[in-house]
Amino acid sequence: MSNSLWKDAWHRLLKNKLAVFGGAFLLFELIVCLLTPWIAPFGFETQNLELTLAKPSLMHWFGTDNLGRDLFTRILYGGRISMTVGILASLVSVIVGVIYGAISGFIGGKTDNILMRIVDILYALPFIFLVIILMVYFGRNILLLFIALGLTQWLTMARIVRGQVISLKHKEFVEAAKSLGVRTRTIIIKHLIPNALGPVIVYLTLTVPSVILEEAFLSFLGLGVQAPMASWGTLISSGVEVMEIAPWVLIFPALMLSMTLFSLNFLGDGLRDALDPKGARD
């Protein structure tokens, strides 16, 4: 995409109020997560057993959990884990999916058929169960969690990029590069992938909430982030256990997770409409 097309897309995006709200909320949330060690009112593991399951107050804005730990602080730190898992795992899926799809679409022929059949086979596998097996077999390692979740999301990305590359590889600028003897790798990296970034960016914003939800699900089952660390999924799991006597322990982390997912979806929808105005009108 040329610079003028990116500028036009940016102006269209700014006209979408929900997308702007989603982007502004996510930016604020990312800044707060980065500054958490300096702005958190209490230590991550600081306990006060005299104030277990305390209601929200001026001292503890979101109340405390069953060990007397400040819930606001725990949610801030949990947000760092959830957002990091979501972003890094999504980047893993983008890297694998873009490279795989670009190679498949550009080479075509038997290579494309073989690569896409592999994708079809992998689509049939219950990936969330494979992630659970990996976590149980190799241990509950947060780095493994990034990789495992990322590798469950690359299939759709590969198909999207493949379709974009197939529509672009017979364009004049690609044919000109071929006639000049430009190497296949260079054509893919410098010409095809940059022109397929629009759908990739949109799908990335929709992949992050999916990964965050998967991490929350695994953490809820006790297979994700392990103590003393916490993500929004583990906080929600802890809140479910005491929801009848201390509903705030469940409500606040669930609210933060929901607002983040809504914001990511608003931003993703806005980017889709901005980068593909014809599709938006249809």
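So the values come out like this:
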quantity	calculated
Every residue from the range 182-221 that is more than 30 Å from Ser82 (Cβ to Cβ) and open to solvent by 60 Å² or more (accessible area, probe 1.4 Å)	Arg183, Thr184, Arg185, Ile189, Lys190
Evaluation of Ile75 against (1) touching a helix residue (DSSP H, G or I) at 6+ places or on another chain (Cβ under 8 Å); (2) part of a helix (DSSP H, G or I); (3) surrounded by fewer than 19 Cβ atoms within 10 Å (Cβ to Cβ); (4) not polar (S, T, N, Q) (one fails), failing number	(3)
His170, sole failed condition from (1) open to solvent by 50 Å² or more (accessible area, probe 1.4 Å); (2) in contact with a Gly (Cβ under 8 Å, 6 or more places away or on another chain)	(2)
Breaking point among (1) under 27 Å from Glu215 (Cα atoms); (2) open to solvent by 60 Å² or more (accessible area, probe 1.4 Å); (3) in a loop (DSSP other than H, G, I, E, B); (4) not hydroxyl-bearing (Ser, Thr, Tyr), for Lys55	(1)
Those residues of the range 92-125 which are of a type in the set (A, V, I, L, M), open to solvent by 60 Å² or more (accessible area, probe 1.4 Å) and either modelled with pLDDT of 85 or more or in a helix (DSSP H, G or I) (or both), in sequence order	Ile95, Ile99, Ile103, Ile107, Ile114, Ile118, Ile121
Positions within the range 36-52 being surrounded by 15 or more Cβ atoms within 10 Å (Cβ to Cβ), outside any loop (DSSP other than H, G, I, E, B) and modelled with pLDDT of 80 or more, in sequence order	Thr36
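For every residue, the table says whether it meets (1) outside any strand (DSSP E or B); (2) touching a residue at least 60 places away in the same chain (Cβ under 8 Å); (3) within 28 Å of Ser238 (Cβ to Cβ); (4) out of contact with any Cys (no Cβ under 8 Å at 6 or more places or on another chain).
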site	(1), (2), (3), (4)
Trp10	yes, yes, no, yes
Gly68	yes, no, yes, yes
Ile87	yes, yes, yes, yes
Ser90	yes, yes, yes, yes
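The values are calculated or read from the model by the stated rules, or taken from the named source; none is laboratory data. Here the structure is a predicted model, which is why all the values come from computation and not from measurement. Glycine gets a Cβ as well: all are built from the backbone with ideal geometry, and neighbour counts include every protein chain shown. The accessibility values were calculated without ligands, DNA or RNA, using every heavy atom of the protein model including side chains. Shrake-Rupley method; radii C 1.70, N 1.55, O 1.52, S 1.80 Å.
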